[in-house]
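Here's the structure, in structure tokens; my notes come after.
The values are calculated or read from the model by the stated rules, or taken from the named source; none is laboratory data. Note that the structure is a prediction, hence the values are computed from the model and not measured. Cβ atoms come from the backbone with ideal geometry, glycine included; neighbour counts cover every protein chain shown.
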Amino acid sequence: MTLIQLDYIIAVDNFRHFAKAADACFVTQPTLSMQIQKLEDQLGVILFDRSKHPVVPTDIGERIIAQARVIANESKRIYELIEEEKDEVTGELTIGVIPTLSPYLLPLFINDFITKYPKVQLTIQEMVTEEVLQKMNNDLLDVGIIVTPTGDSAFKEIPIFYEEFMGYVGHRHPLYDKKALSIGDVGYNDLWLLNEGHCFRNQVLNICHPDPLQEKNKKFKYESGSLEALKRIVDQHGGMTLLPELATLDFDTKGKQKLRPFTDPKPIREVSLVVKRSFVKRKLVEALHESISNSLPAGLNSEKNGKVISWK
């Protein structure tokens with residue numbers, strides 16, 4: 001049994017396809033297939049059901065692949081120890097970030113990070129929370145920048161900041177004349193929402209608590225994958241939506257006139273770096289946390305000061 005063979009079975013599990021796994025491992029498919037067959041012969045078990053499309057692990061294969069991931073991660077830790085001894089921040093860091101953070105948070109810290117750590121190869125992918133967690137489980141991402149808590153003990157959560165939910169209210173809306181909103185003010189029928197799959201959508205629904213009858217009787221629905229699109233809908237057609245604080249910091253005067261804070265206890269969301277419990281690349285993750293923290297606007301909460309809204 002070799003580490004390369006373990007990498008190969010992990011790749012097949014990730015992609016559920018031998019050819020794609022071979023491409024990811026930079027080998028030919030016959031080479032990858034031969035090594036996996038050799039490993040199966042050595043262990044005396046079948047790891048993958050090749051009759052299924054996509055290919056799936058057998059029951060014993062799932063257990064062996066899970067252990068292979070542990071071994072592969074621990075082997076990578078050796079290289080991390082060497083880098084720590086050199087007192088350098090180098091290597092590759094792959095990050096998954098959710099869409100309601102990406103356009104507002106990344107511009108704040110990216111230039112600082114790549115300037116301060118020129119030997120780091122940074123790859124950032126935008127995706128919804130569940131995809132971030134799934135890819136981290138499959139070792140396809142090193143770290144996620146998402147909203148927490150996840151409620152999943154497989155991950156370690158490192159809070160970075162807390163941001164308030166803000167009401168964005170059309171000028172013809174009854175709530176426009178209020179200087180601040182209470183949670184009880186948020187009505188479901190005239191609320192514009194993100195598409196399903198976004199954790200921010202779930203948090204908004206956890207604030208307004210719609211019942212099934214409200215959902216059934218809603219006369220018109222428009223759901224978007226973009227906070228900017230929801231904002232424009234309010235500007236053009238009225239109604240209201242909720243926005244995270246970071247998305248509102250560069251609003252012009254007209255935009256700020258439609259913003260309404262919440263009264264205490266303010267609904268807030270916790271933004272964290274999330275890594276697997278067995279994560280490596282600690283120095284890189286620490287550098288990322290420091291870079292983001294140092295780039296945040298002064299008015300953003302660095303400590304919990306309100307009611308954290310769950311997305312579960």
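Yes/no matrix, rows are residues, columns are (1) more than 26 Å from the chain's Cα centre (by Cα); (2) among the charged types (D, E, K, R):
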residue: Val12; (1), (2): no, no
residue: Phe15; (1), (2): no, no
residue: Ala22; (1), (2): yes, no
residue: Gln42; (1), (2): yes, no
residue: Asp59; (1), (2): yes, yes
Looking at segment 193-213, is at least one residue in a strand (DSSP E or B), buried (at least 19 other Cβ atoms within 10 Å of the Cβ), in contact with a Ser or Thr (Cβ under 6 Å, 6 or more places away or on another chain) and not polar (S, T, N, Q)? no
Give the residues of segment 231-247 that are surrounded by 20 or more Cβ atoms within 10 Å (Cβ to Cβ) and over 12 Å from Val169 (Cβ atoms), sorted by residue number. Pro244, Glu245, Leu246, Ala247
Filtering segment 214-234 down to residues that are of a type in the set (Lys, Arg) and not in a helix (DSSP H, G or I), which residue is modelled with the highest pLDDT? Lys221
If I filter segment 255-269 for residues that are under 16 Å from the mean Cα position of the chain (by Cα) and surrounded by 14 or more Cβ atoms within 10 Å (Cβ to Cβ), do I get at least one hit? yes
Gly255 meets each of (1) closer than 22 Å to Asp177 by Cβ; (2) not in a helix (DSSP H, G or I) with one exception, condition (2)
Do the conditions hold for Val120, that is, is it within 30 Å of Asp13 (Cα to Cα) and modelled with pLDDT of 95 or more? no
Subset of segment 139-165 (residues that are acidic (Asp, Glu), closer than 15 Å to Gly96 by Cβ and part of a strand (DSSP E or B)): Glu157
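Yes/no per residue for (1) surrounded by fewer than 20 Cβ atoms within 10 Å (Cβ to Cβ); (2) over 18 Å from the mean Cα position of the chain (by Cα); (3) not acidic (Asp, Glu):
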residue	(1), (2), (3)
Val271	no, no, yes
Arg277	yes, no, yes
Arg282	yes, yes, yes
Ser295	yes, yes, yes
Gly299	yes, yes, yes
Gly306	yes, yes, yes
Ser310	yes, no, yes
Ser102: under 13 Å from the mean Cα position of the chain (by Cα), surrounded by fewer than 19 Cβ atoms within 10 Å (Cβ to Cβ) and not charged (D, E, K, R), yes or no? yes
